[in-house]
Amino acid sequence: MLLALAATLLAAVVLGFLLLPIVALITYQPIDELIHGFGTKVATDAILVSLKTNAIAFALMIGLGTPFAYLVARRRFPGRSVLITVVELPLVMPPAVAGLALLVAFGRLGLLGHTLRGLGIDLAFSQAAVVLAILFVASPFYLRGALAAFEGVDPTLLDVAGTLGAGRLRRMLAVAIPLAGAGLGAAAAVAFARGVGEFGATILFAGSFQGTTQTLPLAVYSLFEANLDQAIAIGVLLIILSAAILLGSKLLVHTWTSSRSTSPSRGDRSSFAPS
């Protein structure tokens, strides 16, 4: 009885600590004023910039990161641990340092700045810089999860598919990705949520220009002193968006897992026949 009471008290303290700031933010102003803040020009501009840049970054992350994670997960080679450490490094890198790193790499006076200028490309303080900043800080979340998901796939199934005539690409698309789908979906959702909330690297590398590079977190920062109510409204909007992404990912993973568990354990051998 005493143990149950202590566990309940501990849960209440933890949940209270996590929920109190969110509740305070949502209830700071009347609901009608909060909803009005969602539709202001600053908010709608920031929403459009956030959705556009995150969609581009997400497509690049999935398109390039998925085969990369599959290849690394399937192979053991010298320096593999070093490679994975490099992939994970942005996870622990301070966002401000990440922004500085991007600036001195791709900025006008950066490592590749002269080369890019010669090609007529100016990345820093542009919408492309927002995409690169999101990719740099968010893609490691996807790559780390994708590596774990692919490493959890039984290699015997891939080998069997190979003996049935499936090439490497088909084995990845028809066997590995469906089996790792739940893990890939969860990793993609976390990475997308991280990208939507990215702040430090973006403001240093891309700046905060309304309608061009000002994402939702940057709008909150810029309005903090000028219009606190509007800043809070955008903050609540970010919370709603993040919660929707996380809940949607859980629903997707549950649906995917359920569909995989009810599917036949043996696939059609002809599906692996060479085309």
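See the values below:
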item: Overall form of the stretch 76-124 per C-alpha gyration tensor (a/c, 1.5; a/b vs b/c); result: oblate
item: Calculated FRET value between Thr115 and Lys250, using beta carbons and R₀ = 45 Å, to 0.05; result: 0.55
item: Dmax and Rg, reported as Rg then Dmax, of the stretch 43-129 (C-alpha, Å); result: 16.2, 49
item: Extension gain (nm, one decimal) between Ala96 and Leu2, 0.36 nm per residue minus Cα-Cα; result: 29.2 nm
item: Label point distance in nm, Leu9-Thr156, each placed 7 Å from Cα along Cα→Cβ; result: 5.1
item: Modelled FRET efficiency - R0 22 Å, Ile56 with Ala105, Cβ distances, 0.05 increments; result: 0.70
item: Relative contact order %, the chain, counting alpha carbon pairs below 8 Å whose residues are six or more apart; result: 27
item: Candidate values (1) 71, 66, 34; (2) 63, 56, 41; (3) 50, 39, 36, label of the one derived for Cα extents along the principal axes in Å; result: (1)
item: Estimated distance in nm for a label pair at Leu20 and Asp229, the labels positioned 7 Å out from Cα along Cα-to-Cβ; result: 2.7
item: Axial C-alpha extent at least 27 Å, average Kyte-Doolittle at least 1.0 - helices from the chain (DSSP); result: 2-26, 41-74, 127-151, 228-262
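Read-outs throughout are calculated quantities, based only on the coordinates presented, and are distinct from any laboratory measurement. Since we're looking at a predicted model, the values are computed, not measured. When we count neighbours, we look across all protein chains shown, and the Cβ atoms used for this are built from the backbone with ideal geometry, even at glycine.
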